[in-house]
Amino acid sequence: MSIALDEQRSLARHRRAVGYLMVSLGMFASLWISTQIQPAPWMHLPMLFAHLASVIAGLGATVMLDVKALRWVMGTQQLSELWVFEKSVTPLAWAGIVGLLFTGAFLQPTLDSPLTVLKMAAVFVAAMNGVALGRLTDELHRMPPDTRFAATPTRLKLWCLSSASTSQVAWWTAVIIGMLNTSGA
């Protein structure tokens, strides 16, 4: 292993550590603000709209990326195509997470409701998984651009599948609970 690769890995570990810290601080700030601020009634509809737009952006980016990754798994596209697509949708997914944390702080979540706590945990898991995906992405970028999924090491296959599953379960859990909470069910 070269010194340059060691330095790259060290920098990537540092970026992920900062990412985990930022996600944790963002979630803490969102929850804290939601308990400290009583938003004006006129803010509810714009914040709800922005919250739903954030869900669409984040979940949409995640679903699109997972569909693209599934095409690589099925052998109908190259790994290099997945790399390019991942770079274009990742900022959209993070905009969704940031938007959810920001707008959620002003929607007065019922923090003593187990469903709301589960929803917040799901958003937190989706965000932390997003940070962790940075390491998987780095591993995939070290592979030749025409690498087929079938030819990847078993641990990478399992890592890809578990990360995608974690992401989908977390996002859909948050969406379904958000829908139930909003509908008053």
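Couple of notes before you dig in:
- By the rule of a C-alpha distance below 20 Å, with chain neighbours fewer than 8 residues away ignored, the aspartates and glutamates paired with LYS157 are ASP66, GLU81, GLU86, ASP138, GLU139, ASP146.
- Note on ARG71 and LEU45: with the Förster distance fixed at 35 Å, the Cβ-Cβ geometry gives a FRET efficiency of about 0.35.
- For THR110 and ASP146, the FRET efficiency from 1/(1 + (r/R0)^6), where r spans their Cβ atoms and R0 equals 41 Å, is about 0.20.
None of the figures in this text is laboratory data; all of them are computed from the coordinates on show. It should be emphasised that the depicted structure is a prediction, and the values quoted were computed from it without experimental measurement. Neighbour counts are summed over all protein chains in view; Cβ atoms, including those assigned to glycine, are modelled from backbone coordinates with ideal geometry.
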